[in-house]
Structures are given as C-alpha cells and as structure tokens.
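Visitor: Below is the structure I would like to discuss, written out as structure tokens.
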Amino acid sequence: QTIYLSEYRVPAYLVDTVDLRFELFEDGTRVHSTLAVRRNPESDAGAAPLELDGDSLVLESVALDGKALSEGEYEDRGDKLIVESVPEQFELSVVTWIEPQNNTRLEGLYKSSGMFCTQCEAEGFRCITFFPDRPDVMSRFRTRVEADKSAYPVLLSNGNDVERGDLGEGRHFVTWEDPFPKPCYLFALVAGDLVEKRDTFTTCSGRDIDLRMYVEPRNAEKCDHAMDSLKRSMRWDEETYGREYDLEIFMIVAVDDFNMGAMENKGLNIFNSSCVLASQETATDVAFQRIEAIVAHEYFHNWSGNRVTCRDWFQLSLKEGFTVFRDSQFSADVGSPTVKRIEDVNVLRTAQFAEDGGPMAHPVRPASYMEISNFYTLTIYEKGAEVVRMIHTLLGPDMFRKGSDLYFQRHDGQAVTTDDFVRAMEDASGRDLSQFRLWYEQAGTPVLDVSDEFDSGQGIYRLTIRQSIPDTPGQTGKKPQHIPFALGLLGSRGESLPLRLESDSQDAPTERVLELTGETHVFEFHGLNECPVPSLLRQFSAPVRVRYPWTREQMLFLMSHDPDGFNRWDAGQRLAVDVIQSLIGAPKDSSIDARLVAAYRHLISDSSLDQALVANMLQLPSAAYLIELAESADAPAIHEARERVLKHLAIALRDDLVACYRRNLEEGDYAVTPEQIARRSLRNTALAWLLQINDEEGRELAQRQFRNSDNMTDRLGALRALVNSDYEEDRERVLEEFYERFQEDPQVVEQWFSVQAASDRAGQLPQIRALLEHRAFDWKNPNKIRSVVGAFAGQNLAAFHRPDGSGYNFLADQVCRLDDSNPQIAARLVTPLTRWKKFAPAHSELMKSALERIRDKSGLSRDVYEVVHKSLAG
Ligand code: ARG
Ligand code: ZN
C-alpha cells in the first residue's frame, strides 16, 4: 500500500480544539478525548463520513454531541474509526485504552526507565487515540494528566500549566494548555520522578522565558551544557533570523529509550539522553558538539516546523532541510566554520551519496512512500539542507533573510509545502527559481565533468563543465539542474588570480559563483599569463560529484595553497584516496608515493597552520567513503589498502607523531573550544597511529592518558587506540577497567560497546555475540542496539564483510529479531545490506541472500518490508 503525493486531498474535517484527559496507571492508560470538529470549507467532500486514524487502540466508547453512539453508528476497523453520518459541526468524544508499559515500538505513549513519555512524529498520535493524524489538521490542545503522585510527581505536556490539584488515593493531576494550534505530531506528554533544572532567558522584546530541564535524579549534573546551548540558540535565532520564542515556558526532557535523536514537540522537546546529557568526565568533544547542534535544531523547529509546519509528509524536508541548514549555520558561527563544513560534507558524501545511488534513492520531496518512518533520511535532512544552502548562496545572505522573513510572515500558523518556501524566496528576491525546484523533484547526485585548457597565446583559461544526473529507481532521463559552482584560480606561487570574464571591466573578483543551468557550459577567463590551478566547488557549494583529472602535483599544491580551507582539506582527501586506491589489490611490496608522507609530515610539524584544520586533514578517508567511491567494492581489500597507508605513514612519521603528541599535551582547564578540540584530536590521532605500529612509547603514553585524563575525549581516545592495537593484554585490561568505572552511566557504556563493535580486533562475530549477552545490553534500548549491531555493520567493515557471509547473516538475524518489537529500528539496521549492488559479486550475492532471508520472515513489518523489497527490486 503505497501513498502518493499526487493523491493529496485537503482534509474533509477540521479539528479546532482537542481536550485530552490521561489516566495513567501501571496496567494501562485510559485516554479521554473530546474533539471540536467541523466540515472543512475548502474540501469538496461534502457530508462524507468522518474517518479517524488509529493503531493498537482498545476503543471503550464513542459519543457525538454528548450522546453515546451505539455499535451500529460507528465502525471500528482498528486502523480507522468511521462515523458514517455526522453534522456539519459537532463534538466527538472517544475513550480508548492503551498499554504504554508494553509498547516496545516507542511510538505513541510508552514507558522508559519508569517514566511515561511520547513520540508522535510522524504517525504516533494514532497509537494514543483516534484522530485525523495528518499535519494539515491543526488544533488547540488542552491536556490533563492524572497519575500517582509519588511515582510521577512531574506531569508535563505542551504549553502552559493552568491548573493542578490532588485527586485523592495518592493521585494528582496537572492541566496544560497550548495556545498555538498545532498538528498532533507535535503533541507530547511526560510523567515521571524527575528533577528539574531551571534557568531563564530574556527575549529581544524583554519577555522572561522559563527554561526547564527534566532528567532522572542521577543526571542532575549533566544538564549545564544543554542549557547553555539552548540559551545560545535562542539568542542566535533572534539575531540571525529575527525569531523570538513565543510561549512562557520551554522544557527539555531526557529519555533513555528513544528511536531517534530528539523531537521538537511544542514547548516540550524530548531528547534521547545521549543527545542532551553531558559532563566533562563522561562526554567526548564530539558528543558536546552534537548536543549543542541538536538542542539548537529542536529549538529552531519552533519556527521552522511548529509555527510553520508541513502540509503532508512528502514535505518533510520543508522543516527538516531548512532546520538542519539553520543548525549548521549556528554551529559554524559558534565554532569553526571550516571544520563544520568538513564534517557536514563528510557525512553527505559518505552516506547521503550512497543513499542517493542506492535502491532507496528518493527526491528531497518524495513522490511516494509506504512507511513514512523510512523517509527520515539523509536525503530529506542533509541533502535538503544543502538545497536550502544553495538558495542562500544564489540569493546572498541579505536576500535570503528577506525570503525567510517573508516565509515566516506569510505562512505563520499554516501547514505548507516546499514549493511555498521556494516561492517566498523568489518573491522576496525577485529571482527565478523555477529550474532550481528540480532539486526537490529529481533524485540522484548530479555529476559534473570538468575539463580545462589554457590558451597561452591569448591568455585565456577555458573551463568546460558538463552535468549529468544518473538514473534512480523510477526516474530516468533527468533534466539539468540549477547549480551554484564556486570557483577560484591559483597562480603558481599560490596567489589568487582575478577571474576576469570577457564582459568584465578591469576589476574582477578572485572567487566567483558560476551558475550552471544547461547541460554544458564553457567559461573563459581572460588576462592570465600562466595556466592556473583551479580550485573547484569551493565550500562544496553544491551536493554534486566533481570529476576532473587532477594530477597529484595539483592536489599537493591545493593542499598547501588553497585559501579556501574546505578545498585544502578536500585536496588532501583526494590525494589520500588516490594513493589508497592505487594500492587496492596491488602487490604487498608496491611502493607508496613519498609525496604523501612529505605532505603529512608538513601538516603534523608546522604548528603555524590552523590546527583545527590540520586535525581534520590528518584523518584518512574512511573505508565507508572509499567504498562509496568504488565501482565494484572489494571491502576487505579496501580496508587492507587503507591500513597499509596508515601504517606506512605512522612508521615514516613516528618521531613527528611523538613530538606532535607532546606539543599538544598542555592546555589548562578543559573547555570545548575549537582550539582545545583540535589539540585533543591531534594528540589522539598521534596515539592511534603510534599504536598501529606497536610503538612502545606510544603504548606508554596511551596507558598514562587512559589512567590520568580528566575528560572523556582523552580517556576514550586512549581506550580506542589500545583496543585497536596488537597489545592484546592491554586491550582486555583497559576495557575491563573502563567498564568497572563507568558501568552506571548508560551513555558511557554505549561508547564502550561501540568502541569494541567498530574494531576489527575486538569486534569479530564471536565477540559481538558476547556483547549482545552482556548484562548492560538491552534489546529494548535503541542506543544499545545501535552501539553494538549498528556499529558492527556500519563501521567494522573488515568483520562485517567477512567473505563467508557470516556478518551479513548475523545482521539479518538481528533485523528479524527486532522486526516484531521495534520495526523502526529494524528497518534502519537493514541499511548496510541494501547497498549490496555496490560490492564485488562474491559479496553482493551473499548480501542479497541475507536480504532474502529477511524478506521471507513471516509477519514482516511494513517498515522492513518496504526497505527490503525496494532493495531487492532496485
Ligand atoms: N522531527 C525530529 C527531528 O528531526 C525527528 C523525529 C523523527 N521521528 C521518527 N519517527 N522518524 O528533530
Ligand atoms: Zn528536525
């Protein structure tokens, strides 16, 4: 049962207000719902039957305008409640019984570590009560929560608390009212024994907002970073987008069992604990930055998502793409912009490009889906953000701001489409984005074939760019897209040359954003007296693949001279890729280009370079990225070639690495600043490399750091280096010590799991199976599943791609096991297998048969069904 965008119809009925009463008990919850319903004047459905969505509900009663309906007057089909004849306007009261304590899917209302919580996006509200569960039905909610007072002293929902009191028999209630109409996917409820952390924020117009975080008592000391991040986000959104917060209270709750990262419920954001709780002793730099970005992301949704929401789920990128773009701008502003760009592009090119080239490829605005949960993808989020970023590049920051102001003003309180977003940008700027809209409609990563020539007689440098877009499932013969292509040209001394087009007068800029709209473009740059080195697609100005016959000289040159930090990094990556690729399947004693070693030596030892950039430049391209680049990937051979280069570099640069480690040791009080992050990253890279070559001094440094560090970045860095070394005794010992020390902390235990699962030393199948039996492992907790099964299949390529197919079969088993209890997580875990066509025949056949085993499981969920069937067909 596929759902199509083309079949969109406005809702036949609207719900103006929703009155909810939750009676929370240990053996179940009774939900009383009263809806003020009226016919939608914009619908041509007339006096159609009323249809409400439901899922796993026990219906207790239905009443219309206060009169109980008898069984013949409505039909309960399970997934739909149908009332055949209803007046033009009426009140519908429905009582349902649900069992949150048995809800393992973690959709709707469920229990996590003893507390009640909800996740309603995309279609979880229908697991709570019968309702028109679609984002274009927006209602004002009033919610009364009733529960045992001692077990659940804290009772929360959206908006402001307007009433509270005792109910006798140890029970109490709180009533919440949300003045802003919202779709039901933004509804939230929390009940638990939680501690409250308070702060305030004064908005630009002088209103004081109550900021509250609710966490389990043991996490009380892990809230400061999220709270600070929240305040920075609130200020930033005022300054950068003119967006002020609108309610009197803003709440954040941390929940251990959560399918995704976090959720932007109106006024009551709910977070996966691992995306919000942090302390110096327990969270790494990466975690600190991730938390700041996610807190910002969810907060920014208050405008891009809540005040202006999506008309239907095909428009998901309207809120997600835009909000990811906003949070990445924020992270760039509060940290290092170049590093943020590198991180984002790395994810995009490694994972989104793979998705776009695989069987689940879909446009940023899909035309159809079976299960919407499967479309919370890198394409909707990350590519969607790149699409917004390109509009920003094409319009420039001022026009973009005018466009976003118009968008928010024009559509406040509405449920709209990506087309409405683009139209606001067009109307504000006067630019025509009609061809640009293809970015929303066509799937697949565009390829730019670039060639150049230099006419020394006339001093003209000629650049030819040809675009093509590969076919994707269901889409062929695509039209050229509108692509902003940022470019610079470098002279032989590394200087930036003016980009003078024929039409230019004297002054020409040293960087231009060329606009590609046709299949082929030829650009001529005049007045040059030598052939320049082109710096292509600066800042990764469009989510495309660039093919250009770079020589290694050019790569090395750009690596040290390009004024665009992103492209410097990119040149280094390209060089490393080129060297590694040349070794795949080559004889063991084939030589490795000495210029790579020289370039890395320069990076490691020249401390005048931007150390944050250097820390990133030293990271070799991941095996996953190398696989993505390959035509027919031989995963074990890729892994081996990469390891060989790493060891070769480590041996050649051994002394430089020790010096680098020592130079980056001192730093004063721990702080998550770009400078300190770079120092920690550099010393941990040095350690990791030294341990790859069994360096005794490196081993001692790692052990000392493991014992003495005052922060998790260093402790985990040392742990990872030792786990991935040949020092088997050290490995066992540090893993044990680490667990002993941190066993009470779920977030740290998750790290501990994934360090092992991602390691080809500690994460071979028998060890993975042992981790699944470990007492800290929990099949009901998605984080634990991701940190073992997800890390194994996604990061431990050597073990996962064992030639006997055991890794694939293992993954298939776990998917089948999870399919009944948590289909959303099961469907996500399948991802590595869906890439089967990417691999050399021996592997792809085995991956395919693992997929077939999943396909043949009886009672397969719709989530897994869609992914597996599309993968086998595509
Ligand atoms: N809207 C949330 C966010 O991006 C994600 C919710 C995803 N939920 C889901 N069932 N897939 O912030
Ligand atoms: Zn989001």
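Any read-out appearing in this document is the output of simple, stated calculations on the displayed coordinates, not a laboratory observation. Everything quoted here is computed from the prediction, not taken from an experiment. Positions of Cβ are generated from backbone atoms using ideal geometry, with glycine treated the same way; all protein chains shown enter the neighbour counts.
Visitor: What number results when the radius of gyration of region 217-265, computed over Cα atoms, is divided by 2.2 N^0.38 Å?
Guide: For region 217-265, the normalised Cα radius of gyration is 1.35.
Visitor: In whole Å, largest first, what are the principal axis extents of the Cα atoms in region 155-298?
Guide: That gives 48, 36, 26 Å along the principal axes, largest extent first.
Visitor: Here's something else I'd like to know. Using the number of other C-beta atoms within 10 angstrom as an exposure proxy, rank 57, 109 with the fewest first.
Guide: Least crowded to most crowded, the residues run 57, 109.
Visitor: Going from the alpha-carbon gyration tensor of region 731-874, what semi-axes, largest first and in whole Å, does one get by taking the root of 5 times each eigenvalue?
Guide: 28, 18, 10
Visitor: Count neighbours as other Cβ atoms within 10 Å of each site's Cβ, and list the trypsin sites (Lys or Arg not before Pro) in region 1-101 that are DSSP loop with at most 16 such neighbours.
Guide: Answer in residue order: 9, 77.
Visitor: Could you tell me how many cubic angstrom of Cα convex hull volume the chain has per residue?
Guide: For the chain, the hull spanned by Cα atoms encloses 171 Å³ per residue.
Visitor: Moving to a separate point now. What per residue convex hull volume, in Å³, do the alpha-carbon atoms of region 278-331 yield?
Guide: For region 278-331, the hull spanned by Cα atoms encloses 76 Å³ per residue.
Visitor: Still on this structure: Can you tell me, using C-alpha contacts under 8 Å and at least 6 residues apart, the relative contact order of region 130-269 as a whole percent?
Guide: Result for region 130-269 is 24 percent.
Visitor: Could you state the angle between the C-alpha long axis of helix 862-873 and the longest principal axis of the C-alpha atoms of the chain, as a value from 0 to 90 degrees rounded to the nearest 10?
Guide: Helix 862-873 sits at roughly 40 degrees to that axis.
Visitor: Here's a follow-up. State to the nearest 20 debye the size of the charge dipole of the chain about its Cα centre, where the only charges are +1 on K and R beta carbons and -1 on D and E beta carbons.
Guide: Computed charge dipole of the chain: roughly 1500 debye.
Visitor: Okay, next question. State the Cα centre-to-centre distance between region 7-53 and region 493-508 in whole Å.
Guide: If you average the Cα positions of each part, the centres end up 63 Å apart.
Visitor: Here's something else I'd like to know. Using a 10 Å cut-off around each Cβ, can you sort 34, 29, 834, 379 from fewest to most neighbouring Cβ atoms?
Guide: Neighbour counts put them in this order, fewest first: 34, 834, 29, 379.
Visitor: Nearest 10 degrees, 0 to 90: what angle lies between the long axis of helix 418-429 and the longest principal axis of the chain (Cα atoms)?
Guide: 60 degrees
Visitor: Amide H neighbours of residue 196 under 5 Å, counting only residues 5+ apart in sequence or on other chains, H built in-plane at 1.01 Å?
Guide: So residue 196 has HN proximity to no qualifying residue.
Visitor: So if R0 is 30 Å, what FRET efficiency would residue 218 and residue 862 give, r being the distance between their Cβ atoms, rounded to the nearest 0.05?
Guide: 0.20
Visitor: Percent relative contact order of the chain, based on C-alpha pairs within less than 8 angstrom and at least six residues apart?
Guide: Relative contact order for the chain comes out at 8 percent.
Visitor: Additional query: Report relative contact order for region 230-377 in percent, whole number only (criteria: Cα-Cα under 8 Å, sequence separation at least 6).
Guide: 17 percent
Visitor: Debye calculation, C-alpha points only, no solvent: report log10 I(q)/I(0) for region 261-386 at q = 0.22 Å⁻¹, in the same order as the q values.
Guide: Debye curve over Cα of region 261-386, log10 I(q)/I(0) at q = 0.22 Å⁻¹: -1.40.
Visitor: As an exercise, identify the trypsin sites (Lys or Arg not before Pro) in region 562-645 lying in DSSP coil whose Cβ has no more than 14 other Cβ atoms within 10 Å.
Guide: Sparse-neighbourhood loop trypsin sites (Lys or Arg not before Pro): 588.
Visitor: With axes computed from alpha carbons, what is the tilt in degrees of helix 565-583 against the longest principal axis of the chain, rounded to the nearest 10 within 0 to 90?
Guide: With both axes taken from Cα atoms, the answer is about 70 degrees.
Visitor: Using alpha-carbon positions, what is the distance between the centroids of region 550-605 and region 218-273, in Å?
Guide: Region 550-605 and region 218-273 have Cα centres separated by 41 Å.
Visitor: Per the Kirkwood treatment, what hydrodynamic radius in Å, one decimal, follows for region 635-793 from the mean inverse distance over all distinct Cα pairs?
Guide: 16.4 Å
Visitor: Shifting gears a bit: Under 14 Å Cα-Cα from residue 588, which aspartates and glutamates qualify once same-chain neighbours fewer than 8 residues away are excluded?
Guide: Cα-Cα hits under 14 Å: 640, 643.
Visitor: For region 439-450, in order, what is each residue's ³J(HN,Hα) by Karplus, 6.51 cos²θ - 1.76 cosθ + 1.60 with θ = phi - 60°, in whole Hz (x at glycine and Pro)?
Guide: Calculated HN-Hα couplings, in order: 4, 7, 9, 9, 8, x, 8, x, 10, 10, 8, 10 Hz.
Visitor: Rounded to the nearest 5, what % of the DSSP beta bridges within the chain are antiparallel ones?
Guide: Taking every DSSP beta bridge with both residues in the chain, the antiparallel ones total about 80 percent.
Visitor: Which order do 507, 564, 455 fall in if you start with the one that has the fewest other Cβ atoms within 10 Å?
Guide: So the residues, fewest neighbours to most, are 507, 455, 564.
Visitor: Let me know the charge dipole size of region 1-74 about its Cα centre in debye, to the nearest 20, where only the beta-carbon of Lys, Arg (+1) and Asp, Glu (-1) is charged.
Guide: 260 debye
Visitor: Then there's this: Nearest 0.05, what FRET efficiency do residue 821 and residue 708 give at R0 = 45 Å with Cβ-Cβ as r?
Guide: 0.60
Visitor: Please give every one of the aspartates and glutamates within straight-line cross-link reach of residue 67, meaning a C-alpha to C-alpha distance under 14 Å, and leave out same-chain neighbours fewer than 8 residues apart.
Guide: In chain and number order, the partners are 91.
Visitor: At 222 nm, what value in deg cm²/dmol follows for the chain if DSSP H runs of at least 4 each add -39500 (n - 2.57) and the sum is divided by all its residues, to the nearest 500?
Guide: Rounded to the nearest 500, the figure is -12000 deg cm²/dmol.
Visitor: Along its three principal axes, how long is region 352-508 when you only count alpha carbons? Whole Å, largest extent first please.
Guide: Its Cα atoms span 60, 39, 27 Å along the three principal axes.
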